[in-house]
Amino acid sequence: MNRNLTSIRLSHIASQQSVGSIAYLENDYTGVIVDTRHWFDGGVPDPKNELKNISRIQRCLEIPQRLYLPPTGNEDNEGDIAKAIPAVLFPSYLQCKGCGRLDLNPWANNPHRSSQKPRCAICNGVMVQGTYCVVDNFGNLDDVDWNYLCHYSYDLKTKTLLRPEGQAAECYKSHHKDKLQIEFERGYQKIFCSCCGSSVQFNPEKNGLKPMKPQPWIFEKIAQEPDGLSRKGEVVEINHPSVYSPVKCDGLVIPPESNNGETNTSASDVLKYSDDLDDILNAPSDFLRNRRTSQLAKKLNITLDEVQKALSVYELGANEHEVEELIGTPGQMKEEEYDALITEQSFSPSADFKTRHLTPFYEDLQSGLSGELLPVSLIISNLVKVERLRKVQVFSGFLRSQRDLDPEMGPSTSKTQEDKEKFEPQLVQPNIVGDADWLPAINLYGEGIFVTLNPSWLKKWVYHEKISIRINELANHYEQSESQILVDELTPEFVLLHTLSHLVIRELEDKCGYPASSLSERIYSSREAGANGFLIYTAVADKSGSLGGLMELAEPKLFLNILDSAIKRAHWCTLDPVCSDHGGQGRDGLNRAACHGCTLVPDTSCDYGNVFLDRLLIKGDKEQGIPSLVDFIRENVSE
């Protein structure tokens, strides 16, 4: 086994560089990270890696599996090599940079273990790893069958596959490993066979290839397609968005679970250890039963009474209280987070969630303001410094080939709803087969700033006729777009909160030196729950958290200056008037007056794919009858 190690950030293992992703390895090679069955020792995670105090997040995200940190180690420590997450080299062919010759089976001579690049046998050019692969909507990934592409041809007029004949057929059956090459001819790539002379123009969108095996490290046949679903394959470069899209979910750990000094384990937490509970119940003697009970209590760091309570529930069936405890939704999770953020409370010294409410000091600052700053200050009502937070990020699986592409019809051909459902991308779980009792997850620690909008003007603003019409147009377009981005309520207050959040992030980057990519947002908008706020935070995998610079900017005077600059930023864009007058731009056309010149942030900073943004709600437009936010507050709060 090759022991070359590549360092990957822990925070990336639960997102863009997790199972099934293509990662850059040593010596400029690329490889695919294998599934969780090959992590740890035999796919069984270390009990020390299990995440604690997360039952609320599991309940709301409907995650029955246990959550474990990925294996980590020091690459300089020989004893940590066994903890490394395996990866396999992919794509598995090399191509000469000089003449374009392909080597379809290069690893027999172990070129990846040499410090020198392999050389072409014909022109002595440098051989580099290929860049093309084939994926499908079932999450499968495979090498491109170059031998097939060169010797079979596709008739675009009759839409039929033409089989090779004569010498070409014999050449195809021989499966040469080094007779093919890719040439450029009149701006197009052409695949050429030096053995039989066959050649074909390489057009990734028209070849109709599908993966022949599930994943590069799995040499089994692909399972039969379920009824109503069909596989579609496409040849793309390894860095194409269709190759990998991680599916992850997250939540903040809030009181009482965040108070680490307290015991927060509930019966539902203990019930996840069904094997241990079975061992206790099947003990042949009372002595062994008591001993195993004590061992489980020690393992989970809970009391014997809590284990006995879980045993009763497990043996006799869940009572009404326990059933209610397991019910929840992502929306409920955010409502609980919002309540925790706006409620003043005390925290234990080791708590993973600490806030300091600065609203009284902010109100004192407001009382001395006049002129332009006063209506700006009235935009928000609560100002909270989040001194510490812990976010749990769970990797649920990945998708491939999300483009609306039917290989028979091409990417530009419109399809019916039935066709689109037939080629719907299918989620691949972290262990591929989907029967694992655990999922990889990470803890992220950090700090932030939380604000809520002032209800004194917001209740009137959301029902302004012109604003309602504008947001209804966006909502209608969202329903028709079939976007994969989910939002609970697309309301005026949500779009306003989201836009303000982006503007503040950009202001923090420009004026305070924070890279926008290091900041994240969390929008809390629910009419039913009365939630109208946003949290801007930074979080890292180090348990010590970040350095404290962001939360210090929550001091009333500093934050008011940031907010004032963010509001002024909304009035100007380098692409105006085009940006302001746009009817629908960005991904799926789900932005109005918002582009890279004024409002968009790095995709890693936005929970909604950089859409549902409109700075016209802030700057206003007299021709359309939409007032600026500051003018609206100035006129309505004084009434």
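So which residues in the stretch 219-246 are surrounded by 16 or more Cβ atoms within 10 Å (Cβ to Cβ) and part of a strand (DSSP E or B)? Those that are surrounded by 16 or more Cβ atoms within 10 Å (Cβ to Cβ) and part of a strand (DSSP E or B): 233, 234, 235, 236, 245, 246. Within the stretch 540-579, being modelled with pLDDT of 90 or more, among the hydrophobic types (A, V, I, L, M, F, W, C) and assigned to a loop (DSSP other than H, G, I, E, B) holds for 553, 554, 570, 572, 573, 575.
The rows are residues; the columns are (1) out of contact with any strand residue (DSSP E or B) (no Cβ under 8 Å at 6 or more places or on another chain); (2) among the small types (Gly, Ala, Ser); (3) under 28 Å from residue 398 (Cα atoms); (4) modelled with pLDDT under 90.
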site: 229; (1), (2), (3), (4): yes, no, yes, yes
site: 252; (1), (2), (3), (4): no, no, yes, no
site: 281; (1), (2), (3), (4): yes, no, no, yes
site: 286; (1), (2), (3), (4): yes, no, no, yes
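Listed by position, the strands (runs of 3 or more DSSP E) contained in the stretch 57-167 that have at least 1 residues being among the small types (Gly, Ala, Ser) are 87-89, 153-155. The set of residues from the stretch 557-604 being open to solvent by 50 Å² or more (accessible area, probe 1.4 Å) and farther than 28 Å from residue 481 by Cβ comprises 557, 558, 561, 568, 571, 572.
If only residues of the stretch 191-205 that are assigned to a strand (DSSP E or B) and within 15 Å of residue 235 (Cβ to Cβ) are counted, the one that is modelled with the highest pLDDT is 191.
For the stretch 22-41, what are the residues that are open to solvent by 30 Å² or more (accessible area, probe 1.4 Å) and either of a type in the set (A, V, I, L, M, F, W, C) or within 25 Å of residue 140 (Cβ to Cβ) (or both)? Selection gives 22, 24, 25, 37, 38, 40. Listed by first and then second residue, the pairs with beta-carbon distance under 8 Å, at least 6 apart or on different chains, first residue in the stretch 598-615 and within 15 Å of residue 584 (Cβ to Cβ), second open to solvent by less than 10 Å² (accessible area, probe 1.4 Å) and among the aromatic types (Phe, Trp, Tyr), are 612/494. Comparison of 157, 83 shows that the only residue that is basic (Lys, Arg), in the same structural domain as residue 33 (by the TED database), within 35 Å of the chain's Cα centre (by Cα) and open to solvent by 50 Å² or more (accessible area, probe 1.4 Å) is 83. Looking at 180, 209, just one residue is touching a Ser or Thr at 6+ places or on another chain (Cβ under 9 Å) and open to solvent by less than 30 Å² (accessible area, probe 1.4 Å), and that residue is 180.
Look at the stretch 220-234: where a residue is small (Gly, Ala, Ser) and a partner is open to solvent by 60 Å² or more (accessible area, probe 1.4 Å), sitting 6+ places away or on another chain with Cβ atoms under 7 Å, you get 228/422; 230/422; 233/210. Per this entry, residue 96 is counted among residues that are touching a Gly at 6+ places or on another chain (Cβ under 9 Å), of a type outside the set (Val, Ile, Thr), surrounded by 19 or more Cβ atoms within 10 Å (Cβ to Cβ) and more than 19 Å from residue 38 (Cβ to Cβ). Once the stretch 306-344 is narrowed to residues that are assigned to a loop (DSSP other than H, G, I, E, B) and modelled with pLDDT of 90 or more, the residue that is surrounded by the most Cβ atoms within 10 Å (Cβ to Cβ) is 343. Within the stretch 605-613, is there a residue that is open to solvent by 20 Å² or more (accessible area, probe 1.4 Å) and not in a loop (DSSP other than H, G, I, E, B)? No, there is no match, as no residue in the stretch 605-613 is open to solvent by 20 Å² or more (accessible area, probe 1.4 Å) and not in a loop (DSSP other than H, G, I, E, B). Residues of the stretch 586-639 that are among the polar types (S, T, N, Q) and farther than 25 Å from residue 465 by Cα: 604, 605, 610.
Where helices (runs of 4 or more DSSP H) sit wholly within the stretch 452-514, those with at least 3 residues that are aliphatic (A, V, I, L, M) and buried (at least 20 other Cβ atoms within 10 Å of the Cβ) occupy 465-481, 492-512. Just wondering, is there one or more residues in the stretch 521-539 that are touching a Cys at 6+ places or on another chain (Cβ under 8 Å), open to solvent by less than 30 Å² (accessible area, probe 1.4 Å) and part of a strand (DSSP E or B)? Yes, the conditions are met somewhere in the stretch 521-539.
Scanning the stretch 386-432 for residues that are part of a loop (DSSP other than H, G, I, E, B), at pLDDT 90 or above and open to solvent by 30 Å² or more (accessible area, probe 1.4 Å) returns 426, 427, 429, 432.
The values are calculated or read from the model by the stated rules, or taken from the named source; none is laboratory data. Quantities reported herein were computed from a predicted structural model and do not represent experimental measurements. All Cβ positions, glycine included, derive from the backbone under ideal geometry; neighbour counts span all protein chains shown. Just so you know, the surface numbers come from the protein's heavy atoms only, side chains and all, with ligands and any DNA or RNA stripped out. Shrake-Rupley method; radii C 1.70, N 1.55, O 1.52, S 1.80 Å.
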